[in-house]
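Undergrad: Dumping the structure here so I can ask a few things about it.
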Amino acid sequence: MKRRDLIKGTIAAVTAAALPARVFAQVNSTASRDRKLIEIARRQLDRVGADIWKKDIVGIADFGLHSAKERFHFVDLDNERVESFFVTHGTGSDGEHDGWLKRYSNIEGSEATSRGAYMTRSWYRGRYGTSIRLDGLDPTNSNALPRAIVMHPAEYARPEHISRYGRLGRSNGCFALGPDQFDKVLLKLSGGRLLFAESLGLEADGSQLPPPMAQMDLLLRPGGGTFERTNPGLF
């Protein structure tokens, strides 16, 4: 072999060896966050798993992030993979409509998002087309069925809405995704799987940052009326 050909072969081999490392680094830029999400999914299954029919896939909605960020995570535990999408919160959770959730509530008529564990149930045809009923498994979301808190597609949840307004639109407390993302994710999340909603503040690089304001729980007073209490969750 000529010396010139040997040098070319060596350069090609080095380049080929380096390529997977670069590709791996690009593909796994969210690896730290994804490991944490997988741990959270498993921990929540350990907590409420007796009520869950199918434990291969878990949905996690992280309302510690702004609605312009991909904060709905599709956690495939069998393959240890995570896909992330946009998801809305409720009008009653964000009266200022600035994209930040400030209030959770389980009160009927609040139009607020509820935190806690849900089990996905059957499909039905509703106002927004095919939707998925949710059964709240915690005291913080026990009214999900009577409040008609569901998962559904919505035009105001499309990524293009963010490009135009800097944030998603708001639901009546439901988990709304853009139609394309709904088709990709929710077809596989229905039928007795776990959906967990909480303020985690997990950024794409795995760091955790609190939202820029306190998040509250809107609760009913025993004697009537409502009051707010600081969310005793992560933040």
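The values are calculated or read from the model by the stated rules, or taken from the named source; none is laboratory data. Here the structure is a predicted model, which means the values were calculated and not measured. These accessible areas exclude ligands, DNA and RNA; they are computed on the full protein's heavy atoms, side chains included. Shrake-Rupley method; radii C 1.70, N 1.55, O 1.52, S 1.80 Å.
Undergrad: Given H placed 1.01 Å from N in the peptide plane, which residues other than close sequence neighbours of Gly90 have an amide H under 5 Å from its amide H?
TA: Close amide H contacts, sequence-distant or interchain: Thr113, Ser171, Gly173.
Undergrad: Calculate, for region 50-160, the solvent-accessible area per residue in square angstrom, rolling a 1.4 angstrom probe over the heavy atoms of the protein chains. Walk me through the numbers before you get to the answer.
TA: Working: 4550 Å² over 111 residues.
Averaged over the residues of region 50-160, the accessible area is 41 Å².
Undergrad: Can you give the extra length, in nm with one decimal, that the chain gains between Asp98 and Asp76 once fully stretched, where that is 0.36 nm per residue apart less the Cα-Cα distance?
TA: On the way: separation 22, 0.36 × 22 = 7.92 nm, distance 3.12 nm.
So the chain would gain 4.8 nm between Asp98 and Asp76.
Undergrad: Give me the tail of P(r) for region 86-166 as a percent: Cα-Cα pairs with distance above 23 Å.
TA: On the way: 726 of 3240 pairs.
Across region 86-166, Cα pairs with separations above 23 Å total 22 percent.
Undergrad: Report the convex hull volume per residue for region 125-235, counting only C-alpha atoms, in Å³. Working shown, then result.
TA: Details: hull volume 17.2 nm³, N = 111.
Per-residue hull volume (Cα only) is 155 Å³.
Undergrad: Okay, next question. Looking at this model, which pairs from Lys69/Lys102; Lys102/Lys188; Lys54/Lys188 are more than 20 angstrom apart at the alpha-carbon?
TA: Working: Lys69/Lys102 16 Å; Lys102/Lys188 30 Å; Lys54/Lys188 11 Å.
Exceeds cut-off: Lys102/Lys188.
Undergrad: Dividing the convex hull volume of the alpha carbon atoms of region 66-201 by its residue count, what do you get in Å³ per residue? Spell out each step's value before the answer.
TA: Working: hull volume 13.8 nm³, N = 136.
About 101 Å³ per residue, rounded to a whole number.
Undergrad: With the chain treated as a Gaussian network of Cα nodes joined by springs under 10 Å, which of Ala157, Ala50, Ala61 yields the largest mean-square fluctuation?
TA: Ala50
Undergrad: Would you mind checking the tilt of helix 31-48 against the longest principal axis of the Cα atoms of the chain, expressed as 0 to 90 degrees and rounded to 10?
TA: 40
Undergrad: So what are the ³J(HN,Hα) numbers for region 110-119, from phi and the Karplus equation (6.51, -1.76, 1.60; θ = phi - 60°), rounded to whole Hz, Gly and Pro as x?
TA: For region 110-119, the Karplus curve yields 6, 6, 9, 6, 10, 9, x, 9, 10, 10 Hz.
Undergrad: Also, I was wondering about something else. With a Cα-only, solvent-free Debye model of region 39-133, what are the log10 I(q)/I(0) values at q = 0.11, 0.19 Å⁻¹?
TA: -0.38, -1.12
Undergrad: When the Karplus curve 6.51 cos²θ - 1.76 cosθ + 1.60 is applied with θ = phi - 60°, which whole-Hz ³J(HN,Hα) does each residue of region 213-229 get, with x for Gly and Pro?
TA: The phi angles translate into 9, 5, 9, 10, 9, 8, 10, 8, 6, x, x, x, x, 10, 8, 10, 9 Hz.
Undergrad: At a 1.4 Å probe, what is the % contribution of carbon and sulfur to the accessible area of the chain?
TA: On the way: 6300 of 11930 Å².
Carbon and sulfur atoms account for 53 percent of the accessible area of the chain.
Undergrad: Next question. Helix-only estimate, please: 222 nm mean residue ellipticity of the chain, summing -39500 (n - 2.57) across DSSP H runs of length 4 or more and dividing by its residues, to the nearest 500. Don't skip to the end; give the middle numbers.
TA: Working: 5 runs with 61 residues, N = 235.
For the chain, the value works out to -8000 deg cm²/dmol.
Undergrad: Kindly write out, for region 76-88 in residue order, the coupling ³J(HN,Hα) from the Karplus curve 6.51 cos²θ - 1.76 cosθ + 1.60 (θ = phi - 60°), rounded to whole Hz, with x marking Gly and Pro.
TA: Listing the rounded values in order: 8, 6, 5, 9, 6, 10, 10, 10, 10, 9, 8, 8, 8 Hz.
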